[in-house]
Amino acid sequence: MSKHTEAFHALHKNESPLFLFNVWDAGTAKIIGHSGADAVATSSWSVAEAQGYSDGQAMPFNELLIVVKNIVNAVKIPVTVDFESGYADKIDDICINFGALIKAGISGVNFEDQNISAGGIVESEYQAQRIRALRKKANDLDADIFINARTDVFLQESDQSKHAELTDEVIRRGLCYQEAGANGFFIPGTTDQYLIAKICAAVSIPVNVMDLSDLPDLEAYSKLGVKRVSIGPKSWIDFNSGFKDKAEKAYK
């Protein structure tokens, strides 16, 4: 295991949650690195939009790989990559892509159960099969990559009032992915403290939440049992808003 990957695992064991300010290229990664961050994380939405693509694996994997290599070379801290659903349909092809990211020097990935090509969510047992394949690929390359298994159960339901009835399914998937070899469990789509605490109590691997507020309350999340907080595409959205305002003023 590389020193960066070992350090990245350790960052999920601290009392205070690991805070990840998501980036989209080597330049933004350098800014985060120079700001004192412990690790760098990409956001698939941000990376894709920055290269002229839409989110959802519209960006060719080879182009993603170039961005990732540039980020890894630009910083001296662990890098975790939003791998979406593997940028392929077949498990063997997903593993090939995963291997390329490992060789590029990453320390972790987010790997989601959204069925990007067909819509909805992949059956949990099939997702577990894919996670096992990724774990085997990492082992074959002697790289204990941190696999952050993301479930899109909450994201698929925009009505927050219905999230309570989905929590048992989220927990079931968390336990399933944990057994398959995931190192973390990512539950974007809700910031309901009661539900988050319930999930953290039920799943023993580190739980990751996404918070789009200006400054997430890490102490509050720590009390819930959360071990990782990320902001997803918020940094990209904020950047674009400011950039757009300046451009419009310049050309009026």
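When Cys176 is tested against (1) touching a residue at least 40 places away in the same chain (Cβ under 8 Å); (2) open to solvent by 10 Å² or more (accessible area, probe 1.4 Å); (3) under 19 Å from Thr42 (Cβ atoms); (4) among the hydrophobic types (A, V, I, L, M, F, W, C), just one condition goes unmet, and that condition is (3).
When residues in the range 121-158 are screened for being modelled with pLDDT of 95 or more and not in a helix (DSSP H, G or I), 20 of them pass. Restricting attention to the range 198-223, the residues being part of a helix (DSSP H, G or I) and open to solvent by less than 30 Å² (accessible area, probe 1.4 Å) number 4.
Checked against the criterion of being in contact (Cβ under 8 Å) with a residue 60 or more places away in the chain, open to solvent by 10 Å² or more (accessible area, probe 1.4 Å) and among the acidic types (Asp, Glu), the candidates Asp192, Asp142 yield just one match: Asp142.
The residues of the range 96-114 that are farther than 21 Å from Asn208 by Cβ and part of a loop (DSSP other than H, G, I, E, B) amount to a single one, Gly105. So which residues in the range 238-252 are open to solvent by 50 Å² or more (accessible area, probe 1.4 Å), farther than 30 Å from Glu15 by Cβ and part of a helix (DSSP H, G or I)? Of everything in the range 238-252, those that are open to solvent by 50 Å² or more (accessible area, probe 1.4 Å), farther than 30 Å from Glu15 by Cβ and part of a helix (DSSP H, G or I) turn out to be Phe239, Asn240, Ser241, Phe243, Lys244, Asp245, Lys246, Glu248, Lys249, Ala250. Note on the range 3-31: residues that are closer than 14 Å to Ser235 by Cα, over 15 Å from the mean Cα position of the chain (by Cα) and part of a loop (DSSP other than H, G, I, E, B) amount to 1.
When you scan the range 48-72, how many residues do you find that are open to solvent by 20 Å² or more (accessible area, probe 1.4 Å), outside any loop (DSSP other than H, G, I, E, B) and farther than 24 Å from Thr151 by Cβ? Total satisfying the criteria: 8.
Among the residues in the range 73-87, are any under 17 Å from the mean Cα position of the chain (by Cα), surrounded by 22 or more Cβ atoms within 10 Å (Cβ to Cβ) and in a helix (DSSP H, G or I)? No, every residue in the range 73-87 fails to be under 17 Å from the mean Cα position of the chain (by Cα), surrounded by 22 or more Cβ atoms within 10 Å (Cβ to Cβ) and in a helix (DSSP H, G or I).
The values are calculated or read from the model by the stated rules, or taken from the named source; none is laboratory data. The structure presented is a predicted model; accordingly, all values stated were derived computationally and were not measured. For neighbour counting, all protein chains shown are included, and Cβ atoms are generated from backbone atoms with ideal geometry for every residue, glycine included. Note: areas computed on protein heavy atoms with side chains; ligands, DNA, RNA excluded. Shrake-Rupley method; radii C 1.70, N 1.55, O 1.52, S 1.80 Å.
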